[in-house]
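Read-outs: derived from the displayed coordinates by stated rules, not from any lab. Keep in mind that what you see is a predicted model, and the values were worked out from it rather than measured. Ideal geometry is used to build each Cβ from the backbone, glycine not excepted, and the neighbour counts take in all protein chains shown.
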Amino acid sequence: MSKPLTKEDWIKIGQQMMDDRAKAIKIAKTRKFDTVATHGLYTMETAFSGNSGSIMEPIYLTTAEAYRDSAHMEAALAYEMPTWCYSRIANPSIGFLEDTIALLESYGTDIEASCCATASGMAAIRTATDAFLIKDDSLPKPNFVTSAKVYGGTFQQFSVRRYKEQGIEVRWVCNPYNLDEWKSKIDEGTRFVYGEFPSNPAVAIFDIEEVTKLAHKFGIPMIVDATCASPALTRPLQFGADIVIQSGTKVISTNGTSICGMLTSRKNIISKVGCDDMKADFAVWAKLWPFRDNGPSISPINSILTLNDLRSLRMRIAQMSDTGLKVATFLENHPKVDRVYYPGLKSYPAHEIARKYMKLADTNENKYSYMMAIEIKEKAPMDSVNARKFYDALQMIWRATDLGRCKTVATLNAISTHQQQGEEGRKLAEIKPSTCRIAVGIEDPEDIIKDLEQALEKI
């Protein structure tokens, strides 16, 4: 009988596991975007060493990991070696997704990044921001600075859950293109800066690099929700951001089968608060501690469904962006459309900023994503009569609150995604009753335009 392994033996085994992982990451970083999206860190060696040779990443529908003996359990649950232990904390299937997203968000750079996948994009935002709003009597009363042009759920989380319920001041930047406005809001009490790129549904952007520099001057992190760009177009870590949020529910999970969120962080983030471990590897720290305690975990099934859609992300984004530009150009020239907000149009107020940040991975080619906001012409400024006629007349395009789908979807945001934030909140985000968000899919652009044209004729 072989001698039982000690805790120290298991820690050595764990160190070898981490060394092997570091080598695999180094190899993955030499590959192209589509290859990384397809393989992540799942290799033939991984398949044969514990996954019965499965060519695709398996779904681990199990709650807990078993341990060889007490020494193995002790080392693992002290986090002295890699472990997934319990699916509320981690799971191999979730890990496959997290590895791939971390590689894609840091793609084309030497940045070391980690990812924590969550049950939804909103759970990712909560997990990413909680840690910076802790009680610290050595600092002024906390506040955070954010663009007002954010998704309706984000607005509610910040304005209701944070401000009204917790009393944490939210400082809204109404014009995210204006660097001076960002600068005027940040002070010694600010714990983090937050923005969407581009925002849902106003399609507003900001200069990630310059706003990040402002945040870092005050020793605080920059958090960017890049859901509507995806890492195929914009990777904020490359421009200095500390944490990136993705609602994987959107274009990453384009087939509409899964709810999923991710937060990805660079190593050694900047922060006024928190322990050294938190700053050194925020996503891993969040996963092992507050995430473990709060339980916003994603299911293994949703992880693998998301991962399978992720593999074709760059190709889909390229096609959807080309279609988006064609559709936006058609709508901009239509007499019944008052205004179109789409980063690829020269009339877009921050077109030059879009040109800087929105480039298809592995090319130097600008692509401007799939989402646009249009304002239908009305007889009175705050009317929605014509917008509703247009919306109700759509035949192929789906009426829903979703976006990033393989199918084109349209939404009247004042009565859907931004209904609960009230008139004042919609005014901050510049969401009018006549605003319609259109997220194009992978259909032929002629068919999308044909449906839009016949709907506009009903006005």
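Axis of helix 92-105 versus longest Cα principal axis of the chain: the two differ by about 60°, to the nearest ten degrees. Phi angles of region 364-374 translate, via the Karplus equation with coefficients 6.51, -1.76, 1.60 and θ = phi - 60°, into HN-Hα couplings of 10, 8, 6, 10, 10, 6, 10, 10, 9, 10, 10 Hz per residue; Gly and Pro are given as x. Amide hydrogen proximity for VAL337: with H placed 1.01 Å from N in the peptide plane, the residues at 5 or more positions away or on another chain lying under 5 Å are LYS377.
Kindly flag which residue pairs out of LYS135/LYS287; LYS185/LYS267; LYS141/LYS164; LYS149/LYS379 have an alpha-carbon separation exceeding 24 Å in this structure. In this structure, LYS185/LYS267; LYS149/LYS379 exceed 24 Å between Cα atoms. Can you tell me the orientation of helix 300-310 relative to the chain, as the angle in degrees between its alpha-carbon axis and the longest Cα principal axis, to the nearest 10? That helix lies at roughly 60 degrees to the long axis.
Using DSSP to define loop residues, name the trypsin sites (Lys or Arg not before Pro) in region 1-100 whose beta-carbon has at most 16 other beta-carbon atoms within 10 Å. Mind dumping the intermediate values first?
On the way: sites: LYS7, LYS12, ARG21, LYS23, LYS26, LYS29, ARG31, LYS32, ARG68, ARG88; in loops: LYS29, ARG31, LYS32, ARG68, ARG88.
For trypsin sites (Lys or Arg not before Pro) across region 1-100 that sit outside H, G, I, E and B with at most 16 neighbouring Cβ atoms in 10 Å, the list reads LYS29, ARG31, LYS32, ARG68, ARG88.
Each of MET122, THR306, PHE155 was placed along the dipole of the chain (beta-carbon charges, centred on the mean Cα), and the one lying farthest toward the positive end is PHE155.
Taking the Cα atoms only, what angle lies between the long axis of helix 445-456 and the longest principal axis of the chain, rounded to 10 degrees? Taking the Cα atoms of the chain, the angle to 445-456 is about 50 degrees. When the alpha carbon gyration tensor of the chain is reduced to an equivalent ellipsoid, its three semi-axes come out at 40, 26, 19 angstrom, largest first.
The DSSP beta bridges internal to the chain are antiparallel in roughly 60% of cases. Across all C-alpha atoms in region 109-235, the radius of gyration and Dmax reach 14.1, 41 Å. The 3J(HN,Hα) values that the Karplus relation (6.51, -1.76, 1.60; θ = phi - 60°) gives for region 35-52 are, in residue order, 5, 4, 4, 7, 10, x, 10, 7, 10, 4, 4, 4, 4, 7, 7, x, 10, 6 Hz. Gly and Pro appear as x.
Compute the length gained on full extension between ASP130 and ASP187: take 0.36 nm times their separation in residues and subtract their Cα-Cα distance, giving the result in nm to one decimal. Walk me through the numbers before you get to the answer.
Details: separation 57, 0.36 × 57 = 20.52 nm, distance 1.91 nm.
Extra length available between ASP130 and ASP187 comes to 18.6 nm.
Phi angles across region 201-206 convert, under the Karplus curve 6.51 cos²θ - 1.76 cosθ + 1.60 with θ = phi - 60°, into 3J(HN,Hα) values of x, 6, 6, 8, 10, 8 Hz, Gly and Pro given as x.
For LYS427 and ASP322, what is the calculated FRET efficiency with R₀ set at 35 Å and r taken between the beta-carbons, to the nearest 0.05? Walk me through the intermediate numbers first.
Numbers: r = 34 Å, r/R0 = 0.97.
Given R0 = 35 Å and the Cβ-Cβ separation, E is 0.55.
Can you tell me the relative contact order of region 16-99? Whole percent, Cα pairs under 8 Å, sequence separation 6 or more.
Relative CO of region 16-99 lands at 27 percent.
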